[in-house]
Amino acid sequence: MTRKEAMRQALQQDVLHKLGITREHAEDLRRISMTLHSWFERECGTSNGCIERDEATGKPCWLNSHSMRRYPIRDMEKGANKRLAAIMAKYPTLSSYIQGDPRGAALYILRPNDVPTGQNANAYYNRGICIY
């Protein structure tokens, strides 16, 4: 880890701590964000294949781009969403937003005034706290 990365992580933890989020939960949120980011990257595809969901069952599989065969895989997205929901239930004044584009962070924590009343978080999520 570089010094710049360590400073950014410390700043992120301090901001989350000021909102009342414990250090353990802040680390868990960071791991959830990294898991989701990796999942979204693989959904978009790599040179080796991509993640697809079965339309009937919703179960994920890996589509190998070389053999065009599908292999069942563990649903990391479902587990990350479940862990996120458990953490966010402990902080009722905060909400979360998952951004599925792999070019940026996957998870944002939204404070009560980050999204105007009656508006959708899709247009205002960048006002929240970005979790890398």
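Any chance you could count how many residues in region 103-124 are within 20 Å of R83 (Cα to Cα) and touching a Phe, Trp or Tyr at 6+ places or on another chain (Cβ under 9 Å)?
Selection size over region 103-124: 6.
Going through region 36-64 one residue at a time, which ones are modelled with pLDDT of 95 or more and among the polar types (S, T, N, Q)?
Passing the criteria: S38, N64.
Could we say that E52 is part of a helix (DSSP H, G or I) and out of contact with any His (no Cβ under 8 Å at 6 or more places or on another chain) here? Quick ask: steps written out before the conclusion?
On the way: part of a helix (DSSP H, G or I): no; out of contact with any His (no Cβ under 8 Å at 6 or more places or on another chain): yes.
When the stated conditions are applied, E52 does not pass them.
Can you say whether L11 is in a helix (DSSP H, G or I), touching a residue at least 40 places away in the same chain (Cβ under 8 Å), among the aliphatic types (A, V, I, L, M) and on the phi < 0 side of the Ramachandran plot, as far as the supplied structure shows? Reasoning before the result, please.
Details: in a helix (DSSP H, G or I): yes; touching a residue at least 40 places away in the same chain (Cβ under 8 Å): no; among the aliphatic types (A, V, I, L, M): yes; on the phi < 0 side of the Ramachandran plot: yes.
Spelling it out, it is not the case that L11 is in a helix (DSSP H, G or I), touching a residue at least 40 places away in the same chain (Cβ under 8 Å), among the aliphatic types (A, V, I, L, M) and on the phi < 0 side of the Ramachandran plot.
Among the residues of region 80-95, what is the count of those that are under 15 Å from the mean Cα position of the chain (by Cα) and surrounded by 13 or more Cβ atoms within 10 Å (Cβ to Cβ)?
Taking region 80-95 and keeping what is under 15 Å from the mean Cα position of the chain (by Cα), we get 80-88, 95.
So of that shortlist, the ones also surrounded by 13 or more Cβ atoms within 10 Å (Cβ to Cβ) come out as 80-81, 83-84, 87-88, 95.
Counting residues in region 80-95 that are under 15 Å from the mean Cα position of the chain (by Cα) and surrounded by 13 or more Cβ atoms within 10 Å (Cβ to Cβ) gives 7.
Would you confirm whether or not region 24-38 contains a residue that is surrounded by 15 or more Cβ atoms within 10 Å (Cβ to Cβ) and among the basic types (K, R)?
Yes, the conditions are met somewhere in region 24-38.
Identify the residue in region 41-77 that is among the aliphatic types (A, V, I, L, M) and out of contact with any strand residue (DSSP E or B) (no Cβ under 6 Å at 6 or more places or on another chain) and, among all such residues, is surrounded by the fewest Cβ atoms within 10 Å (Cβ to Cβ). It would help to see each step written out before you state the result.
Of region 41-77, the ones among the aliphatic types (A, V, I, L, M) are 51, 56, 63, 68, 73, 76.
From what's left, out of contact with any strand residue (DSSP E or B) (no Cβ under 6 Å at 6 or more places or on another chain): 56, 68, 76.
Values: A56: 6, M68: 8, M76: 15.
Of everything passing the filter in region 41-77, A56 is surrounded by the fewest Cβ atoms within 10 Å (Cβ to Cβ).
Looking for something closer than 15 Å to I131 by Cβ and either in contact with a helix residue (DSSP H, G or I) (Cβ under 9 Å, 6 or more places away or on another chain) or of a type in the set (K, R) (or both) - is there at least one such residue anywhere in region 60-77? Before the answer, list the steps.
Just the residues of region 60-77 that are closer than 15 Å to I131 by Cβ, to begin with: none.
For region 60-77, residues closer than 15 Å to I131 by Cβ and either in contact with a helix residue (DSSP H, G or I) (Cβ under 9 Å, 6 or more places away or on another chain) or of a type in the set (K, R) (or both): absent.
Within region 58-112, can you find the residues that are among the hydroxyl-bearing types (S, T, Y), touching an Asp or Glu at 6+ places or on another chain (Cβ under 9 Å) and either part of a loop (DSSP other than H, G, I, E, B) or under 17 Å from R31 (Cβ atoms) (or both)?
Hit for region 58-112 is Y108, nothing else.
The values are calculated or read from the model by the stated rules, or taken from the named source; none is laboratory data. Source: prediction; values computed, not measured. Here the Cβ is made from the backbone with ideal geometry for all residues, glycine too, and neighbour counts use every protein chain on show.
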